[in-house]
Amino acid sequence: MDTLILAIESSCDETAAAVVKNGRTVLSNIINSQIEIHTEYGGVVPEIASRKHIEHINQVIGEALHKANVTLDDITAVAVTYGPGLVGALLVGVAEAKAIAFARHKPLVGVNHIEGHIAANYIEYPELEPPFAALVVSGGHTHLVIVQDYGSYEIAGRTRDDAAGEAFDKVARAVGLGYPGGPKIDKLAKTGNPHAVEFPRGQVAGSVYDFSFSGLKSAVLNYLNMCEMKHVPVDKADLAASFQCAAVDMLVTRAIRLAEERNMKKLAVAGGVAANSALRSALSEACASRGIEFYCPSLGLCTDNAAMIGAAGYYEYINGVRHGYDLNAVPNLKLGERS
């Protein structure tokens, strides 16, 4: 019998719901984005995000069920992101999932948002199975992970300060590109010289797999300040391309090193920054030259969505994970933690 997971995602500024069959087949994946609303403020405003989730979540779930041509009675279990993320935003999804599970007597499965990003690759590549190495890059997280099995992870490296996506957003803001910064940096960088300015590649003493993006971000800000003081015009395209080149180099070198040193023949990338064209290209080329299979979700599965939560929730469900109605939002939930 097929296992149908109704998945709910509300960790940041996307209200999303999906129906996923057997962890790999997406029957529906509905997303209500708040980007236009938060662009006015230059970033996500948590209180506004929470209110918008409340306004749209019932509609989004109804649309997901309708598109999948199923009812709540057909659903096997309800999966929901319970962390990490914005606490108020998470609470909306968690409360909704608990209400549905209680009313329809369905099992409730809490899902780690980072695990969801990794699981997006299972949707894109039905043949992909653990073990493999994964680079998780988003606005709030940068992790190098060994996926040992479904739901079993070893964190080999992580950022010590800014996440990669956070660095992209801050540099974009400093250059005057606005929010969201990542896509705008990526677009502008295509017309610039990536070697116009040689920015530093941060290293973490004593850890070959950890990341540090604060030094790169500070170098960009210092360069802008220097140009302003000396009245030197700034070529924004060159600056964006040079920053992106340094950031991508830091990500790719560590990911490839992990795969090679741990003898992993498969490398997956996940998270919002995985949509960056320069990163996708650099990882693909590096893997091809070393005989490593490269996996990268389509753009719609890189950013926050509920289908990835449904995929991760399926493997949690078949592994026996169940949560009670006391499930709560855990904004700082770590990869591999269980509530």
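The values are calculated or read from the model by the stated rules, or taken from the named source; none is laboratory data. Predicted model only: the values in this text are computed from it and were never measured. With ideal geometry, Cβ positions are generated from the backbone for all residues, glycine too; neighbour counts draw on all protein chains shown.
Numerical summary
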{"item": "Only one of ALA274, ALA286, ALA278 that is surrounded by fewer than 21 Cβ atoms within 10 Å (Cβ to Cβ), under 19 Å from the mean Cα position of the chain (by Cα) and hydrophobic (A, V, I, L, M, F, W, C)", "result": "ALA278"}
{"item": "Matching residues in the stretch 12-49 - criterion: being of a type in the set (Gly, Ala, Ser), modelled with pLDDT under 95 and buried (at least 18 other Cβ atoms within 10 Å of the Cβ)", "result": "ALA49"}
{"item": "Condition check for ASN193: more than 24 Å from SER277 (Cβ to Cβ), surrounded by fewer than 22 Cβ atoms within 10 Å (Cβ to Cβ), more than 26 Å from the chain's Cα centre (by Cα) and at pLDDT 95 or above", "result": "no"}
{"item": "Test result for LYS170, among the basic types (Lys, Arg), in the same structural domain as PRO233 (by TED's automatic domain parsing) and modelled with pLDDT of 95 or more", "result": "no"}
{"item": "Residue within the stretch 120-137 that is in a strand (DSSP E or B), surrounded by 23 or more Cβ atoms within 10 Å (Cβ to Cβ) and among the polar types (S, T, N, Q) present", "result": "no"}
{"item": "Unmet criterion (only one of (1) touching a residue at least 60 places away in the same chain (Cβ under 8 Å); (2) farther than 21 Å from LEU301 by Cα; (3) hydrophobic (A, V, I, L, M, F, W, C)) for MET1", "result": "(1)"}
{"item": "Test: residue in the stretch 127-136 that is within 18 Å of GLY271 (Cα to Cα), touching a Gly at 6+ places or on another chain (Cβ under 9 Å) and assigned by TED's automatic domain parsing to the domain that holds ALA247", "result": "yes"}
{"item": "Number of positions in the stretch 285-314 that are outside any loop (DSSP other than H, G, I, E, B) and either more than 20 Å from ILE100 (Cα to Cα) or charged (D, E, K, R) (or both)", "result": "13"}
{"item": "When residues of the stretch 136-174 are limited to those that are within 15 Å of the chain's Cα centre (by Cα) and of a type in the set (A, V, I, L, M), the one farthest from PHE213 (Cα to Cα)", "result": "VAL145"}
{"item": "Of all residues making up the stretch 58-78, the number that are without any contact (Cβ under 8 Å) to a residue 12 or more places away in the chain and either of a type in the set (A, V, I, L, M) or in contact with a helix residue (DSSP H, G or I) (Cβ under 7 Å, 6 or more places away or on another chain) (or both)", "result": "1"}
{"item": "Of all residues making up the stretch 149-164, the number that are outside any strand (DSSP E or B) and either out of contact with any strand residue (DSSP E or B) (no Cβ under 7 Å at 6 or more places or on another chain) or crowded, with 23+ Cβ neighbours inside 10 Å (or both)", "result": "6"}
{"item": "Any hit, the stretch 94-113, residues being aromatic (Phe, Trp, Tyr) and in contact with a helix residue (DSSP H, G or I) (Cβ under 8 Å, 6 or more places away or on another chain)", "result": "no"}
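Here's the yes/no breakdown for (1) surrounded by 17 or more Cβ atoms within 10 Å (Cβ to Cβ); (2) over 23 Å from the mean Cα position of the chain (by Cα); (3) under 26 Å from ASN193 (Cα atoms):
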| position | (1), (2), (3) |
| --- | --- |
| MET229 | no, yes, yes |
| VAL234 | no, yes, yes |
| ALA241 | yes, no, yes |
| VAL252 | yes, no, yes |
| GLU260 | no, yes, no |
| VAL269 | yes, no, yes |
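Here's the yes/no breakdown for (1) in contact with a Ser or Thr (Cβ under 8 Å, 6 or more places away or on another chain); (2) of a type outside the set (A, V, I, L, M, F, W, C); (3) over 19 Å from ILE114 (Cβ atoms):
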| site | (1), (2), (3) |
| --- | --- |
| GLU154 | no, yes, no |
| THR159 | yes, yes, no |
| GLY165 | yes, yes, no |
| ARG173 | no, yes, yes |
| GLY178 | yes, yes, yes |
| LEU188 | no, no, yes |
| THR191 | no, yes, yes |
| HIS195 | yes, yes, yes |
